[in-house]
1. Looking at (1) within 20 Å of residue 182 (Cα to Cα); (2) touching a helix residue (DSSP H, G or I) at 6+ places or on another chain (Cβ under 9 Å); (3) modelled with pLDDT under 95; (4) assigned by TED's automatic domain parsing to the domain that holds residue 138, which is the only condition residue 1 fails?
2. Might you let me know whether region 126-137 holds any residue that is surrounded by 15 or more Cβ atoms within 10 Å (Cβ to Cβ), touching a strand residue (DSSP E or B) at 6+ places or on another chain (Cβ under 6 Å) and either in the same structural domain as residue 38 (by TED's automatic domain parsing) or free of Cβ contacts under 8 Å to residues at least 24 places away in the same chain (or both)?
3. What about residue 302, is it part of a loop (DSSP other than H, G, I, E, B), under 29 Å from residue 395 (Cβ atoms) and in contact with a strand residue (DSSP E or B) (Cβ under 8 Å, 6 or more places away or on another chain)?
4. Which one of the conditions (1) part of a helix (DSSP H, G or I); (2) under 20 Å from residue 276 (Cα atoms) does residue 176 fail to meet, given that it meets all the rest?
5. Give 187, 122, 117 a once-over and let me know the one that is outside the structural domain of residue 247 (by TED's automatic domain parsing), in contact (Cβ under 8 Å) with a residue 40 or more places away in the chain and closer than 30 Å to residue 311 by Cβ.
6. Condition first: modelled with pLDDT under 90 and either in the same structural domain as residue 306 (by TED's automatic domain parsing) or not in a helix (DSSP H, G or I) (or both). Can you find one or more residues in region 190-202 that meet it?
7. Looking at (1) under 29 Å from residue 396 (Cα atoms); (2) modelled with pLDDT under 90; (3) out of contact with any strand residue (DSSP E or B) (no Cβ under 7 Å at 6 or more places or on another chain); (4) not in a helix (DSSP H, G or I), which is the one condition that is false for residue 160?
8. Just to verify a result, which residue in region 28-50, among those that are under 27 Å from the mean Cα position of the chain (by Cα) and outside any strand (DSSP E or B), is surrounded by the fewest Cβ atoms within 10 Å (Cβ to Cβ)?
C-alpha cells in the first residue's frame, strides 16, 4: 500500500539499533509518508540529528526545553499532528516510562500527550527483555492498546549474546505501519488465532534429524495476513530461515512434541490454522553421540515411534477453537485423502495441495516455492482455487476465516 499523505512521528530511543532508523526513515518516505523525528539524548550517542534530518527532510526535535520548539508547546503539537507515533528502538527505559506514566524528556512527554495510535519496536539485551519488570511493562502497554512489532531473535550487536530482543527490521516495521494506517475495518479485531508453520526436526543423534521439506513461507504468510485483519496471532514456528511476520507473536520450537505443547498452551483461541509440516515419526531414543559408519556394516536400525497428531489433538480438545483448519500436503489422491483427514481429525476445513514434483506449480515444488495451488475441502464440498502466490493464498484464506468467524 502507499503511505501518501500519512504523517509518522518517529521517536528514536537510545540503543545501538538506532542505526536501523536511518533505513526506516528512507523506507517510509519512499512510500509517500512524511516523517518527523524526535531523538532522545541516548539516541544521539549512536546517530546524529544531522543524518536523521537529512533523511527525513525535516527539523529534528531533541530538547523538551528548546526555546524555539517549545514556544507553542511543541511536544503537544508533535503528538497531535501525526497520524501514527512509532517508537524505535524502544528501550527498556522508554517502555518503563510509557507503562508507568513518567514524562521527563521530550520523547516521554510527547508519548504522554498523544491521542494517536502508537507502534513500539522493542530492542534490548535478551536478559533485559526477559526481566520481570520488562515483561510486566510489555503486558501493561498491550492492555492499554499500544501496538508492538518484534522483538525478533538473533545476535545482539553490542554484546554478541543471542536471544529475543533484536529490533524488528525496517521493512517489518513498515509493514506494521501500513497495517495500522490502511484505514480499513479489522474484521478479526479481538479474535485470537493460533498458526503453526515450518517443519519440525526430530533428532536421531546430535548431528542428524528427521524432517519434512518446508520453508514456512505459506504458514508465515497466513499469520501475517491474519494480523493485518486485526487478529491477535500466535505463530508457533519450527526451524525456518525466513523473517518473522510483522505484528505477530512468535514462539519457536524444534520438535513435534514441543510444537504440540506450545499449541495447547496457546488455547483457548477463536481459530487454529495448522500449516506446519510436522514429522509423523521420530526415533524411539536419540543417540547421545554421532552415530559413526562402521566398515563392512550397514546403517544402524532405527526404531521409529509415532509423533503426536497436533491437528487431531486440537480438533477433539475440550478447548477446541470454533474454527479448526488443517493442511494436507499430498502426492496423490488429493481430495480423497483430504476428506478422510477432515473427518478423522475433527477439522472444519482442510487446505489440500499437491506437492508432487509433477504438480506443475513451480520448478522447485510447492514446498519451498513461492506459488501454490490449493483446494478447500469441507463437509459441504470442494472449492478449487486458481494457482496464485503464497501471499495471495494467505490473504484469501484470512478473508475466509474472517467470514466464517463473523458468521459464528
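1. For residue 1, the failing item is (4).
2. First, the residues of region 126-137 that are surrounded by 15 or more Cβ atoms within 10 Å (Cβ to Cβ): 126, 128-129, 134, 137.
Within this subset, residues satisfying the condition of being touching a strand residue (DSSP E or B) at 6+ places or on another chain (Cβ under 6 Å) are 126, 129.
Now restrict to residues that are either in the same structural domain as residue 38 (by TED's automatic domain parsing) or free of Cβ contacts under 8 Å to residues at least 24 places away in the same chain (or both): 126, 129.
Yes, region 126-137 contains at least one residue that is surrounded by 15 or more Cβ atoms within 10 Å (Cβ to Cβ), touching a strand residue (DSSP E or B) at 6+ places or on another chain (Cβ under 6 Å) and either in the same structural domain as residue 38 (by TED's automatic domain parsing) or free of Cβ contacts under 8 Å to residues at least 24 places away in the same chain (or both).
3. Working: part of a loop (DSSP other than H, G, I, E, B): yes; under 29 Å from residue 395 (Cβ atoms): no; in contact with a strand residue (DSSP E or B) (Cβ under 8 Å, 6 or more places away or on another chain): yes.
No.
4. It is condition (2) that residue 176 fails.
5. Values: 122 fails: closer than 30 Å to residue 311 by Cβ; 117 fails: closer than 30 Å to residue 311 by Cβ.
That would be 187, the only listed residue that is outside the structural domain of residue 247 (by TED's automatic domain parsing), in contact (Cβ under 8 Å) with a residue 40 or more places away in the chain and closer than 30 Å to residue 311 by Cβ.
6. Looking only at region 190-202, we keep the residues that are modelled with pLDDT under 90, and these are 190.
Adding the requirement that they be either in the same structural domain as residue 306 (by TED's automatic domain parsing) or not in a helix (DSSP H, G or I) (or both) leaves 190.
Looking through region 190-202, at least one residue is modelled with pLDDT under 90 and either in the same structural domain as residue 306 (by TED's automatic domain parsing) or not in a helix (DSSP H, G or I) (or both).
7. (1)
8. Looking at residues that are under 27 Å from the mean Cα position of the chain (by Cα) and outside any strand (DSSP E or B), I get 30.
The values are calculated or read from the model by the stated rules, or taken from the named source; none is laboratory data. Quick caveat, the model's predicted, so the values are computed rather than measured. Cβ sites come from the backbone with ideal geometry, for glycine too, and all protein chains shown count toward neighbours.
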